[in-house]
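Worksheet for the structure shown next.
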């Protein structure tokens, strides 16, 4: 992942982060857990050369479909003029704290659920 972020032809911006919902903290096995939902806007561009090449029109369409399958069709748009993808990302998160001061967070992705079932209390995954 770090390799992609360091590529000079890759431009990635995140902004407009908003916390949409914070549930009440739960005390489970001497640790505090909280569920929350947040959103942010991602803007990504994968190089300016691709804006003119015919072969990349298909690549851009495939990438658009891939991003839409991940973030939802209405949440992904592609600007042909600038070459940027505009993505509204909405994620569920679980936070854990022993003392309600220091928190660690994990994003709840569908593909991570089998792993999360092994490390999180089952009450949080229902």
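Where a number appears in this text, it was derived from the coordinates with a stated rule and is not lab data. Remember, predicted model here, so these are calculated numbers, not experimental data. Here the Cβ is made from the backbone with ideal geometry for all residues, glycine too, and neighbour counts use every protein chain on show.
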Checked segment 101-126 for anything touching a strand residue (DSSP E or B) at 6+ places or on another chain (Cβ under 7 Å), over 17 Å from residue 37 (Cβ atoms) and assigned to a loop (DSSP other than H, G, I, E, B); matches are 121
Those residues of segment 12-45 which are touching a strand residue (DSSP E or B) at 6+ places or on another chain (Cβ under 8 Å), outside any strand (DSSP E or B) and either within 28 Å of residue 80 (Cα to Cα) or in contact (Cβ under 8 Å) with a residue 24 or more places away in the chain (or both), in sequence order
25
